[in-house]
Ligand SMILES: [Fe+2]
């Protein structure tokens, strides 16, 4: 322990008394599940956008999936540093209270569902930061960085929702083919 903080960069868990290691590992595995579901959700949406040749939208979903994959890797690495095991088994049951897998029947619904899921994730990660309360600086810092990344995602999703509504108004004057083409701009 250094200055009242646990130094766990090398995977050491000695001195872990104030924050229960198992509790932190369980919470990290819940975050892992949330981020895995994010990857899956955005990859599905990327595929669907590509299917209708909505290239710019597909690129947005691709970037969101890549960011979520970065989070998956970070959290999994942190779990192993803490001598735990990252849970990559099917994760649906872990998601019930913190996120939602909303497939959506339109891109607008998908983006709205994405925004809801991102907000729920941020709330959960902030709660975990509160639980850690600075006693594990490495995990604390990692979560703060992930929250900052998720906040950028929510801002990006709001931008997408706004631009989608504008395009929907425009598209009402054109054929469905024109609407699909407008998504590529
Ligand atoms: Fe995200």
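The values are calculated or read from the model by the stated rules, or taken from the named source; none is laboratory data. Keep in mind that this is a model prediction, so the values were computed, not measured. All Cβ positions, even for glycine, are placed from backbone atoms using ideal geometry, and neighbour counts span all protein chains on display.
Just a few scattered comments:
Table: residues versus (1) in a helix (DSSP H, G or I); (2) modelled with pLDDT under 90; (3) surrounded by fewer than 17 Cβ atoms within 10 Å (Cβ to Cβ).
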site: 110; (1), (2), (3): yes, no, no
site: 122; (1), (2), (3): yes, no, no
site: 127; (1), (2), (3): yes, no, yes
site: 141; (1), (2), (3): yes, no, yes
site: 146; (1), (2), (3): yes, no, no
site: 152; (1), (2), (3): yes, no, yes
site: 163; (1), (2), (3): yes, yes, yes
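- Number of the condition not met by residue 45 [criteria: (1) within 14 Å of the ligand (Cβ to nearest atom); (2) buried (at least 20 other Cβ atoms within 10 Å of the Cβ); (3) under 21 Å from residue 146 (Cα atoms); (4) at pLDDT 90 or above]: (3)
- Residues that are more than 17 Å from residue 149 (Cα to Cα), surrounded by 17 or more Cβ atoms within 10 Å (Cβ to Cβ) and at pLDDT below 90, drawn from the range 86-103: 91, 94, 95, 98
- Residue in the range 73-85 that is more than 20 Å from residue 129 (Cβ to Cβ), within 21 Å of the chain's Cα centre (by Cα), modelled with pLDDT of 90 or more and assigned to a loop (DSSP other than H, G, I, E, B) present: yes
- Considering residues of the range 48-72 that are closer than 14 Å to residue 110 by Cβ and part of a loop (DSSP other than H, G, I, E, B) only, the residue farthest from the ligand (Cβ to nearest atom): 52
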